[in-house]
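Since the structure comes first, as structure tokens, the remarks are kept for the end.
Nothing in this text is a laboratory measurement; each read-out follows from the coordinates by a stated rule. It should be emphasised that the depicted structure is a prediction, and the values quoted were computed from it without experimental measurement. Positions of Cβ are generated from backbone atoms using ideal geometry, with glycine treated the same way; all protein chains shown enter the neighbour counts.
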Amino acid sequence: MGNIPTPLRDAAGRIDLRSLDRAGLRGLVAGILPELEPTKIEAVALRIYKEVWQHGIVEIEQMETVRRALRERLAQRAYVATLSELRRIDSVDGAQKFLWRLHDGAVVESVLIPDGDRVTLCMSSQVGCAMGCTFCLTGDLGLIRHLHPGEIASQPLQVQASLPAGVRITNLVLMGMGEPVHNLGNLITALRVCLDDHALNYSHRRITVSTVGLVPQLGALAAALPVNLAVSLNATTEAQRARIMPITKRYSMSELLEACRCVPLPPGKRITFEYVMFEGFNDTLDDAERLRLLLREIPTKINLIPYNENPDRPRLRRPSAEVVKAFQHHLVSRGVSCSIRTTRGIDISAACGQLGKGALEAGGGAAGS
Ligand code: SAH
Ligand code: SF4
């Protein structure tokens, strides 16, 4: 499910150029100009690709590097879909949330997190999410729909275009709304655009995909692209994980960790394991020790995420800073790399697990196709 890319099309059936990677664009150009030889097709496709991703052109007739006759033929078959910015909300801590309205009225969010030289964009991959993790507000929406490739890759393009000169997004993380690998085909097309030096030109070292671990899709992503993987583990026993993450009933934690052991990692690359900490649920030193043992054979970085509380989940609480520190100390003192994620954007509902609130308030939760 979700493994085949589905480009966005308009009511007239024209294809969205932002939904195509370079190979897709080559195919489109070959269909429009079948008489051209392959090297010419490649050259024309590359010019269009750069117009879209490097010059940010949204009207085909303004593509100056493309011959007028071709522009006319292209415009009959294609167009450029854009995200419309519904609202931008600033956090007191410098984070910024962008609410985007999509062509069908659905709303998704991206969060910009500046941190010194590092400027991270947290991107969405779906409207809502099907995974139903009990602690996550995006999960409450259910899956409304997958994002098309262009709707994913437009987030860094359009946020970057809105930033002051000299400020550059340095890192992309797929940690916003949705389960990215559940939308694998569209995700891969979008990531190719993010990685391509003729398009958005991000290094694979600076792109991270976070997943609950749909096992086959995780393997397929790792085989297709060299991006960083972050796996949301959040528990140390099967029963504990199943209580908060229903996906555990489909793919057990042991299957997931076995898949992680088999991921071909280049030297020096490690898998990040995210561990949301809940008071009295998974925050003891016994949990820390079990976590260490579970991950022993995998090149690992652990990222502890103190739970961001939500009024809708009064029973779920964030542990004290001391408890989180003691958990980290247990791991670090035994040679495990382990950091604590600082919460950003909590006042604007932009922190982990809070995305979707804004979309619901903006009326986007009910939209979809
Ligand atoms: N669907 C993907 C990516 C989006 S969620 C995934 O689950 O990995 C990004 C991260 O936020 C995940 O690690 C998730 O466990 C965490 N998260 C969700 N709700 C949270 C909350 N309320 N507080 C802290 N982290 C949360
Ligand atoms: Fe979906 Fe991730 Fe939220 Fe789980 S934590 S419901 S997978 S967005």
Query raised in the report: Is the shape of the stretch 15-79 best called rounded, prolate or oblate, per the rule: a/c under 1.5 gives rounded, else a/b larger than b/c gives prolate, else oblate, with a ≥ b ≥ c the square roots of the Cα gyration tensor eigenvalues?
Result: rounded
Report task. Multiply the residue gap between Asp90 and Ser162 by 0.36 nm, knock off their C-alpha separation, and tell me the result in nm, one decimal place. Result -> 24.5 nm
Query raised in the report: Along the charge dipole of the chain, Cβ charges K/R +1 and D/E -1, which of Asn171, Asn282, Ile144 sits furthest on the positive end?
Result: Asn171
Query - Cα centroid of the stretch 236-266 to Cα centroid of the stretch 2-22, whole Å - result: 33
Query raised in the report: How high is the relative contact order of the stretch 15-79, given as a whole-number percent (alpha carbon pairs under 8 Å, six or more residues apart)?
Result: 37
Requested in this report: Over 32 Å between C-alpha atoms is what I'm after, so list which of Lys249/Lys301; Lys40/Lys97; Lys40/Lys269 land there.
Outcome: Lys40/Lys97; Lys40/Lys269
Query raised in the report: Spin-label point model (7 Å from Cα, Cβ direction): what's the Arg118 to Lys301 distance in nm?
Result: 0.7
Query - Cut-off 18 Å (backbone N to label point 7 Å along Cα→Cβ of Leu33), residues of the stretch 60-87 - result: 60-79
Query raised in the report: Measuring from label point to label point, each 7 Å out along Cα→Cβ, what is the Gln76 to Lys40 span in nm?
Result: 1.8
**Report entry** Derived scalar couplings ³J(HN,Hα) [the stretch 85-98; Karplus, 6.51 cos²θ - 1.76 cosθ + 1.60; whole Hz; x for Gly, Pro]
**Finding:** 6, 7, 6, 10, 10, 8, 8, 5, 8, x, 6, 9, 9, 9
